[in-house]
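Below is one structure, written out as structure tokens, with a few remarks after it.
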Amino acid sequence: MNKRLLPFLALFPLLIGCAEAQSNPSFPVTLMSAHAAVMDMIHNPKALPRPLVIIGGYEDPGILQTASSQYFKAVATDPKIIIVSLHDCGSFDECRARILTAVDSACPGTDPNWTAEVDVVGISLGGLAARACAAPPQTTSIPQRLKIARLFTLSSPLAGAKVAKLGFTSFQKEIRPDSDLQKYLAKAEPDPKYEIYSYVHLGDEMVGPENASIPGRNPYWLANIPLVPILPHEQMMVDERAYADIARRLRGETPLTLANPAPLPKG
């Protein structure tokens, strides 16, 4: 990718405008300032400390993962990026096998219990799949775990998804807030040792902003971009403010967000 060009994800918000309906005191960043930060990183790329795994969302054949990988390639020097698509997975066991196989293939190791250490960007379902993959396995059929250093999630149902209440397949039902998977994660690994940074747009009716981080923690919420003809859930997946913050963190630089995420607005 020619680094003099704008990343794919940088173009969309700038074409719309920069007005924001509600500001987050723990994420005091405008689209313009986020874009300026991205352009600075493009012109001054840095090495990433470990491989980056990008896991896609429900029924996404690889569109957003590919776009996201191009974004991070533009701000890093020769990064190892592993793209994982879950579009044809029918269970979290299948997601686990898909993710572990991809990481092991790209970064072979000798530990039967853990993969190589990686950073992860989880897009929608990809964030919950990564969390489940890092937790102790529920069965002995797949004993290995994903060794995460930092998990970044975009519109991810870490505490379940509101829309999953309408699901009828066993896979969809496992994404519900009260699912067996959620109960297992709450018991097996209620406070993961790896770092988690969750991002969500207000008004996300697919996941629900209150479900976008693990129970007991607040996500970094962002106001919707006015006039954008896509829903808040999808807006988060292309919001340059979040990508700029993730990139700064991956590069070991001062993040755009503050240390403690502000509570979600009431009402």
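Tabulated results
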{"quantity": "Surface accessible to a 1.4 Å probe, ARG217 within the full protein complex, Å²", "calculated": "90"}
{"quantity": "Cα-based reach from LYS80 at 29 Å (exclusive), listing lysines while leaving out same-chain residues under 8 positions away", "calculated": "LYS3, LYS46, LYS147, LYS193"}
{"quantity": "Orientation-averaged projected area, Cα convex hull of the stretch 30-134 (nm²)", "calculated": "7.2"}
{"quantity": "Debye equation applied to the C-alpha atoms of the stretch 161-267, log10 I(q)/I(0) at 0.12, 0.13, 0.19, 0.22 Å⁻¹", "calculated": "-0.48, -0.56, -1.11, -1.29"}
{"quantity": "Exposed GluC sites (Glu not before Pro) absent: longest stretch of the chain, with sites in DSSP loops and at most 12 other Cβ within 10 Å deemed exposed", "calculated": "60-204"}
{"quantity": "Calculated FRET value between ALA186 and THR66, using beta carbons and R₀ = 30 Å, to 0.05", "calculated": "0.35"}
{"quantity": "For the chain, convex hull of alpha carbons as volume per residue, Å³", "calculated": "123"}
{"quantity": "Hull shadow area, averaged, the stretch 33-77 [alpha-carbon convex hull, nm²]", "calculated": "3.7"}
{"quantity": "Electrostatic dipole magnitude of the chain [Cβ: Lys, Arg +1; Asp, Glu -1; Cα centre; debye, to 20]", "calculated": "400"}
{"quantity": "Accessible surface, 1.4 Å probe, highest first, among residues ASP104, ASP178", "calculated": "ASP178, ASP104"}
{"quantity": "Value of Rg to Rh for the stretch 85-214 (Rh from inverse mean 1/r over Cα pairs, i.e. Kirkwood)", "calculated": "0.95"}
{"quantity": "The stretch 214-259: radius of gyration over Cα atoms, expressed as a fraction of 2.2 N^0.38 Å", "calculated": "1.31"}
{"quantity": "Heavy atoms of SER91 accessible to a 1.4 Å probe, total area in Å² rounded to 10", "calculated": "40"}
{"quantity": "Exposure of LYS46 as accessible area (Å², to 10), given a probe of 1.4 Å and all protein chains", "calculated": "90"}
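The values are calculated or read from the model by the stated rules, or taken from the named source; none is laboratory data. The shown structure was predicted, so the numbers you read here are calculated from the model rather than taken from an experiment. Cβ coordinates were reconstructed from backbone atoms using ideal geometry, including for glycine residues, and neighbour counts include every protein chain displayed. When the accessible area is computed, the model is the full protein with side chains, heavy atoms only, and any ligands, DNA or RNA have been set aside. Shrake-Rupley method; radii C 1.70, N 1.55, O 1.52, S 1.80 Å.
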